[in-house]
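The block underneath contains the structure these notes are about, expressed in structure tokens.
The values are calculated or read from the model by the stated rules, or taken from the named source; none is laboratory data. Nothing here was measured: the structure is a model prediction, and the numbers come from that model. Cβ sites come from the backbone with ideal geometry, for glycine too, and all protein chains shown count toward neighbours. Accessible surface areas use protein heavy atoms only, side chains included; no ligands, DNA or RNA. Shrake-Rupley method; radii C 1.70, N 1.55, O 1.52, S 1.80 Å.
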Amino acid sequence: MNTFAFALSYLQRGQPCVLLLVVAHEGSTPGRTGFRMVVAPDGAMAGSIGGGIMEHKLVELARHQLHSSTAKVLLKRQVHRPDAPTDRSGMICAGEQTVLFFPLEPILDQPALAALVAGQQACSPGHYTLTENGLVLSKEPLLTRQSFTSPPAATGPDDVPAPGWCYAERFDPRETIHLIGAGHVGLACCELLTQLHFRICLYDNRPDLNTLAQNTFADEKIVTPYEGLGELVPGAPDHYAAVMTFGYRPDIVAVSQLLNKPLRYLGLMGSDAKIARIKAELHQQGFSDAALARLHAPIGLPINSQTPHEIAVSVAAQLIQVRHSTPC
């Protein structure tokens, strides 16, 4: 459950909670702009603003607010240097971050938060803003992922933000990973990639495969001949594909269906020798050197992985690397 869905579950029960949100950071910091967590009145938490003694201290402040009648918006500057004259966080990373305390109230904030969570679940693009007037949801595009504006006098007494501040953050549809092959590695990849906010489409040509039946992590499970993948997998910059079928021939069929699509990522599992044979055959089929160069093969970062779960870690690491290879 993500932080907004976690917060909504409390608001729907009539219980307030506090959103802690990193609205700005500079230098080396444990929490970066957009990191967020929610603190509930029963002590439960979801998310993180960087961890360590800083997070512990700010969580305790949020809990204190929840158990008092004075919950209010705060802006807490945290400087990660032991020699800082003020606002020391207790950490020594050398940078600084600014954390917004934003109380969420059942009556006031539940409608907008419910719409935000529904938009995320439906993979609808949009953005939200936080201001002194509350939480507002918008379907309009936002060019940057996050922005924070505040007047020259950023805070007043007791860290209360000066009027006129605004934090905006866009939320995008989940990136989609198309996993071709629902065997043991496919199952392990699905389990891990659900934690990385991917929408997972799983494909196999074997309807009675036990690991396909056991897989409860994929958003969609599709039984289809691999010759039809070209019609099912869209080519788009927020779509990824990983081929990990049970054999050499289905690998070639699957890759040939996907290789010329403008996917963000296409990977193929296999040994160096198998990959070399597959690339040679695909070249004979007419695929260009440029197209073959876009194929991540063997798939994953080289960490000497052996087991399905270890391979899943290497694949997930490479997907993260590609996801963050260009600025959003």
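Would you mind getting me the FRET efficiency between ASP172 and GLN195? Use the beta-carbon distance for r and R0 = 22 Å, nearest 0.05. Could you put the intermediate results ahead of the total?
Numbers: r = 18 Å, r/R0 = 0.80.
Between ASP172 and GLN195 the formula returns 0.80.
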Worksheet, complete the sentence: Square roots of five times the C-alpha gyration tensor eigenvalues of the stretch 21-130, ordered largest first and given in whole Å, equal 26, 18, 11
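At a 1.4 Å probe radius, carbon and sulfur cover how many percent of the accessible area of the chain?
Looking at the chain in its full context, I get 56 percent from C and S.
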Worksheet item: Relative to the longest principal Cα axis of the chain, at what angle does helix 308-323 sit, 0 to 90 degrees, rounded to 10?
Response: 70
Item to complete: Provide the gained length on full extension for the span ALA291 to ASP158, in nm with one decimal, where the gain is 0.36 nm per separating residue minus the Cα-Cα distance.
Response: 42.0 nm
Response to the item:
Rounded to one decimal in nm, the spacing of the 7 Å Cα→Cβ label points at LYS72 and SER325 is 5.0
Worksheet item: Not counting the cut sites, what is the longest span of the chain without trypsin sites (Lys or Arg not before Pro) that DSSP labels loop and that have at most 11 other Cβ atoms within 10 Å?
Response: 140-328
Practice prompt. Taking the Cα centre of the stretch 4-77 as origin, sum charge times position over the Cβ atoms of Lys and Arg (+1) and Asp and Glu (-1), and report the length of that vector in debye to the nearest 20.
Written response: 140
Item to complete: Under 26 Å Cα to Cα from LYS221, which lysines show up? Leave out anything in the same chain fewer than 8 places away.
Response: LYS261
Worksheet item: Using a cut-off of 21 Å between alpha-carbon atoms, which lysines can reach LYS57, once sequence neighbours fewer than 8 places away in the same chain are excluded?
Response: LYS72, LYS76
Discussion item. What number does the stretch 160-309 give for Rg over Rh if you use C-alpha atoms and the Kirkwood radius?
Written reply: 1.08
Worksheet item: Taking one equal scatterer on every alpha-carbon of the stretch 73-154, how large is log10 of I(q)/I(0) by Debye at q = 0.21, 0.23 1/Å?
Response: -1.03, -1.11
Fill in: SER28-GLU281 FRET efficiency (beta carbon distance; Förster radius 35 Å; 0.05 resolution)
0.15
Response to the item:
The long-range amide H neighbours of VAL243, using H built 1.01 Å from N in the peptide plane and a cut-off of under 5 Å, are ILE180, GLY267, LEU268, MET269
Worksheet, complete the sentence: With 0.36 nm assigned to each residue of separation and the Cα-Cα distance removed, ALA44 to LYS139 gains 31.1 nm
Worksheet item: Per Stokes-Einstein, at 20 °C and 1.002 mPa s, what whole-number D in µm² s⁻¹ belongs to the stretch 96-243, with the Kirkwood radius over Cα pairs as the hydrodynamic radius?
Response: 116
Practice prompt. Any chance you could run the full-extension gain for ALA112 through GLN306? It's 0.36 nm times the residue separation minus the Cα-Cα distance, nm to one decimal.
Written response: 65.2 nm
Item to complete: Starting at the first residue of the stretch 99-115, write each ³J(HN,Hα) from the Karplus equation 6.51 cos²θ - 1.76 cosθ + 1.60 with θ = phi - 60°, in whole Hz, x for Gly and Pro.
Response: 10, 8, 9, 10, x, 10, 10, x, 6, 6, 9, 4, x, 5, 5, 4, 5
Worksheet item: Using the C-alpha atoms of the chain, what convex hull volume per residue, in cubic angstrom, is computed?
Response: 164
Practice prompt. Taking the Cβ of PRO30 as the centre, find all other residues whose Cβ is under 12 Å away and add up their charges (Lys, Arg: +1; Asp, Glu: -1).
Written response: -1
